[in-house]
Amino acid sequence: MKNPRRPQGAALALILLAGCATGGARTPQESVTRLEAERARNPNSAAALRALGIAYFQVRQYPEAKDALAAAERALPNDGVTALYTGMTAEAMNDLTAARDAYSRYLTVGTSARTKKQIRDRLATVARRELEGTAKAAVAQEAQLSSQPGPPNTIAVPPLRFSGADTSLRPLERGVAELLITDLARSKELTLLERERMQVLLDEVARSQGDRVDDATKVRAGKMLQAGRLIQGSITQVGPNITLTTAAVSVQTAQVSPVATGDDQLEQLFDLEKKVVLDLFDRLGVTLTADERSQIVAAKPTRSLRAFLAYSRGLMAEDRGDFFEAARLFNDARSMDPGFGGASIKAAGASAAAQGTQVSNATVQASQSGTREGAVVRAASSGSMDVQTGTAQAAANDVNVSQNATQAGSGQTLTGGGVEGTTTTSGAPPPQAPRPPVSGTTPLPESTGTITFVIRPPEL
């Protein structure tokens, strides 16, 4: 008669053997020590280097993680997990340029769709932080940068200055500046600096002088950006009319060109801007081609002044770092005029930046749960590098992304720039303003799918 207790004993023996094989649960530092020994045995093993880099990152030994991951990338280029942890390590070390490059690489070589959605959003936040870091560095090196004159054809356009009784029009300071940048950039003779770069630097300079911004502050910022000339301007409202005035200022000599000005009813703002910018080209000594001139005259950002005001308020919210509010306002502008391509582009960018502020190392790691990349990370966390990453379940989890991620990656493509770009969609809805963060966690619904593997016997 067979002993009915033997299967339980056998199972217990298997469990004990498994425990001996894995060494039981390891602390993060024990995992590092084990992987360091593995690297010593196999110094050129990409798997050992990658696992060690991940383990170093998890115990916040960022310089060591950086070196191990760089070696792993040399041994195994185009590995998604290596690119991802290289980006997170660089961001932890505040090397935002390296983080941006690594995250961009992950979007090309990574395999987890959920993680890619998070990294796309994170990139928008990293870009903003990179601009702020560049501005701080420029202020710290002001004396050196200001002594190097910029080319005369490099132009910066800071926000204009508004005066008038209707303070609801004040956001036009940024909106009209954006119009001028877009139109001036149509000439091949000029190089226009990005509005965001100028604004972030102005904010940094203003912080050092009691948040006060005047014409002298703008010239200081222009010198640090190494612009050759600065377009100073004002918008004056008197009753139903507005006057738009601009002048080019030499950053090095402070010499002011003759003024380009015009006035009209507020409803004719876009026509007024065209008149002034064409006059400004003459003041700058730039001869437009017939094609450039016709493009400038024909291009209007929107049919709706209300939409443009909402867009301009969105620029203000974006400049102060309130991306949730900026996305809402840009979407309002797009709703008022569905043909307002620039508003759609800005809505997508602000939405990504807003969502990016919610992305953390923890959310990135959670997004990889059940994926092949996640299996590599879990193995590294336990001090191992020998994992099977090609299982059917892991492959299914890589493609079964959350509903939100599916919508974000549904084929929507946004092209163009400034206030005028065009929008191309592939059956996807326009970008919607993200909801501000709320307390608590709401589980996202998961899409489902089936992957069928057919294995045929060999023909005899």
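Residues that are over 20 Å from Leu180 (Cα atoms) and under 36 Å from the mean Cα position of the chain (by Cα) within the range 237-252 comprise just one, Gln252.
Scan Arg5, Arg41 and give me the residue that is farther than 25 Å from Ala92 by Cβ, basic (Lys, Arg) and modelled with pLDDT of 50 or more. Write out each step before concluding.
Details: Arg5 fails: modelled with pLDDT of 50 or more.
Being farther than 25 Å from Ala92 by Cβ, basic (Lys, Arg) and modelled with pLDDT of 50 or more holds for just one of Arg5, Arg41, which is Arg41.
Could we say that Ala298 is touching a Lys or Arg at 6+ places or on another chain (Cβ under 7 Å) and either modelled with pLDDT of 95 or more or more than 23 Å from Ala124 (Cα to Cα) (or both) here? So Ala298 does not fit the description; no.
If only residues of the range 266-286 that are of a type outside the set (Asp, Glu), free of Cβ contacts under 8 Å to residues at least 24 places away in the same chain and out of contact with any Gly (no Cβ under 7 Å at 6 or more places or on another chain) are counted, the one that is farthest from Asp337 (Cα to Cα) is Gly285.
On inspection, Pro158 passes the criterion of being within 30 Å of Asn94 (Cβ to Cβ), surrounded by 22 or more Cβ atoms within 10 Å (Cβ to Cβ), touching a residue at least 40 places away in the same chain (Cβ under 8 Å) and not basic (Lys, Arg).
Looking only at the range 255-283, which residues are in a helix (DSSP H, G or I) and either within 18 Å of Glu173 (Cβ to Cβ) or outside the structural domain of Thr154 (by TED's automatic domain parsing) (or both)?
Let us first name the residues in the range 255-283 that are in a helix (DSSP H, G or I), namely 266-283.
Matches in the range 255-283: Leu266, Leu269, Phe270, Leu272, Glu273, Val276, Val277, Leu280.
Looking only at the range 308-337, which residues are assigned to a loop (DSSP other than H, G, I, E, B) and in contact (Cβ under 8 Å) with a residue 24 or more places away in the chain? The answer is Gly321, Asp337. Within the range 221-241, the set of residues being assigned to a strand (DSSP E or B) and either of a type in the set (Phe, Trp, Tyr) or over 17 Å from Arg283 (Cα atoms) (or both) comprises Ile235, Thr236, Gln237, Val238, Asn241.
Tell me whether the range 67-89 contains one or more residues that are touching a Pro at 6+ places or on another chain (Cβ under 7 Å) and in a loop (DSSP other than H, G, I, E, B). Within the range 67-89, not a single residue is touching a Pro at 6+ places or on another chain (Cβ under 7 Å) and in a loop (DSSP other than H, G, I, E, B). Just one of the numbered conditions (1) touching a Leu at 6+ places or on another chain (Cβ under 8 Å); (2) more than 25 Å from Leu309 (Cα to Cα) is not true of Val256: (1).
For the range 31-75, which positions are of a type in the set (Gly, Ala, Ser) and in contact (Cβ under 8 Å) with a residue 24 or more places away in the chain?
The initial filter retains those residues of the range 31-75 that are of a type in the set (Gly, Ala, Ser), namely 31, 37, 40, 45-48, 51, 53, 55, 65, 68, 70-72, 75.
Selection gives Ser31, Ser45, Ala46, Ala47, Ala48, Ala51, Gly53, Ala55, Ala65, Ala68, Ala72, Ala75.
Does the range 366-377 contain any residue that is of a type outside the set (S, T, N, Q), modelled with pLDDT under 90, surrounded by 20 or more Cβ atoms within 10 Å (Cβ to Cβ) and more than 30 Å from Val176 (Cβ to Cβ)? Within the range 366-377, none of the residues are of a type outside the set (S, T, N, Q), modelled with pLDDT under 90, surrounded by 20 or more Cβ atoms within 10 Å (Cβ to Cβ) and more than 30 Å from Val176 (Cβ to Cβ). Scanning the range 275-308 for residues that are among the hydrophobic types (A, V, I, L, M, F, W, C), surrounded by fewer than 21 Cβ atoms within 10 Å (Cβ to Cβ) and touching a helix residue (DSSP H, G or I) at 6+ places or on another chain (Cβ under 8 Å) returns Leu278, Leu288, Ile296, Val297, Ala299, Leu305. The residues of the range 134-155 that are crowded, with 20+ Cβ neighbours inside 10 Å and out of contact with any Lys or Arg (no Cβ under 9 Å at 6 or more places or on another chain) amount to a single one, Ala138. Reported count of residues in the range 232-253, each being in contact with a Leu (Cβ under 7 Å, 6 or more places away or on another chain) and under 25 Å from Gln199 (Cβ atoms), is 10. Any residue at all in the range 195-203 that is of a type in the set (A, V, I, L, M) and either at pLDDT 95 or above or not in a helix (DSSP H, G or I) (or both)? Scanning the range 195-203, I find no residue that is of a type in the set (A, V, I, L, M) and either at pLDDT 95 or above or not in a helix (DSSP H, G or I) (or both), so the answer is no.
The values are calculated or read from the model by the stated rules, or taken from the named source; none is laboratory data. Only a predicted model underlies this, so the values are computations on that prediction, with no experimental measurement involved. FYI the Cβ positions are ideal-geometry reconstructions off the backbone, even for glycines, and counts take in every protein chain you see.
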